[in-house]
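Working notes, beginning with the structure itself.
The values are calculated or read from the model by the stated rules, or taken from the named source; none is laboratory data. Values in this document were obtained by computation on a predicted structure and should not be read as measured data. Here the Cβ is made from the backbone with ideal geometry for all residues, glycine too, and neighbour counts use every protein chain on show. The accessibility values were calculated without ligands, DNA or RNA, using every heavy atom of the protein model including side chains. Shrake-Rupley method; radii C 1.70, N 1.55, O 1.52, S 1.80 Å.
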Amino acid sequence: KMLPALLLLLAARRVLSLAPGEDSPWYLGFSTSSQWELVFNRTADACWEHDTPDSMPIAWRTGSGTVYFVSAGSMGLFASMGPSLDNLKRNCSHVVFNSTFDLTPQSFANFQWLQSVFMVNQTTAYALIHNEFHGWLQEPQYCTVNDTREGNICNMWSTGLGKSTDGGSTFHLINKPPLHRVATAPFVFVKDQDNFGYGAISSILQGDDGYFYVLIGAVKKDMQPGGLCPLRTPSLEDPTAFRAWDGTDYTVRLVDPFSQPPPDPAQHVCVTLSAEDVGHSTHPNPRKVVAKDSSAPASLPSFVMIGDGVVNQALVSYTTSLAPNIAKAITSWSPVRYLDTGLQSYMSREGRLVYPVLLDSASPELGSDNFAMFGASASNSSAYLYVNIARNIWRRKVQLSTVAPPPPPPPPP
């Protein structure tokens, strides 16, 4: 059966709440023959003290055929490289991307995390880049609050566009700041305010209609609610071509709040997917599910989306969509389920579990959509769940099944 497509728009709150629908018959679970593997050890693998995974792991295959695997930080981005996701080595001699480190909020080019890459051919790739302006680093001009909530006060998120012209080996901003700007909230930065803006970016997926779709986290401010903001663009070359969801279509321009005359904020806010519908995630990662051969069940979902789970618990959220293409699926997800990773005791020693994603080393579309799940059933799955605990990255093979997964095994030593 197709997932019900009925959507309820709560106009007053500008939050899109997915209508209750039939539960997906598919569960995400771990392959019984797999164990947790350490992919990145911050003590042994880091190139320097600030080479710490601080974002969702992403990967792409460059024009030369080399696989790049990164979990971005904002102080110089290094990659683990190799012929596949199963054979990687950190390269400390090559910087893939670095922040601009501008000191003004209106540049939208301050501390930057490269979070989503889309290879269009062997030469050209595009990237969406999460940006944060840290006002607390420039006291007292932008911040005078004596507060321990670093990152949640005197902070502003935004999203910009980057480009590679060397086959995905290095990236730069597509235009001089602020003309690289893709998604900015329609409010100027005010000293001592709480964090707000658009960031925490999903993978980019191209729809059957030719548009490129993405989900971006929205941090609540005034009439802009929190949640996930769907955007699309006909061209990854033009940062001004992106439009946000208005509840029925993509018509909302996310304008520069520092432009003159000042924009009317009410006309430039995104209708978001509510947090309850997408597992309370601010770091969503939708993945296409591709049948490896004719033996795959016809009822497999078309897409799976992984997100952060419950704070201080070793859970990741996931939801599926039966919609035939991402243009429909991006606003049409099944009720949320949670996968217990079994890492609770490990978390209590080492820190919280964050940034879960699905990556598949066998994906035939490596780079064009940041890995499809290629063959997702128990007999032929090659997809892995990647998680970040205390800046170390672990992975374990997963599969889709119509049977609920058993209790998880003990955590790794």
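The table below gives the values:
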quantity: Using a Förster distance of 25 Å, the FRET efficiency for residue 403-residue 86 (Cβ separation, nearest 0.05); calculated: 0.40
quantity: Kirkwood Rh and Cα Rg combined as Rg over Rh, evaluated for region 167-220; calculated: 1.04
quantity: Sequence ranges 132-139, 30-37, ranked by mean other-Cβ count within 10 angstrom, highest first; calculated: 132-139, 30-37
quantity: Square roots of five times the Cα gyration tensor eigenvalues for region 24-173, Å; calculated: 30, 21, 16
quantity: Hull-based mean projected area of region 116-275, where the convex hull spans the alpha carbons, in square nanometres; calculated: 10.3 nm²
quantity: Sequence-distant residues sharing a close amide H with residue 144 (under 5 Å, placed H); calculated: 192
quantity: Whole-Hz ³J(HN,Hα) from phi, Karplus 6.51 cos²θ - 1.76 cosθ + 1.60, for region 191-206, glycine and proline x; calculated: 3, 6, 7, 6, 4, 7, x, 10, x, 6, 9, 7, 5, 9, 10, 8
quantity: Translational diffusion coefficient (Stokes-Einstein; Kirkwood radius from C-alpha pairs) of region 216-255 at 4 °C, 1.567 mPa s, in µm²/s; calculated: 119 µm²/s
quantity: Under 19 Å from residue 288, Cα to Cα: lysines that are on another chain or at least 8 residues apart; calculated: 1, 328, 397
quantity: Probe 1.4 Å, all protein chains present, accessible-area order of 43, 100, 184, largest first; calculated: 43, 100, 184
quantity: Under-5 Å amide H pairs with residue 254, H placed in peptide plane, nonlocal only; calculated: 244
quantity: Sites residue 141 and residue 47, calculated FRET efficiency, Cβ-Cβ separation with R0 30 Å, nearest 0.05; calculated: 0.35
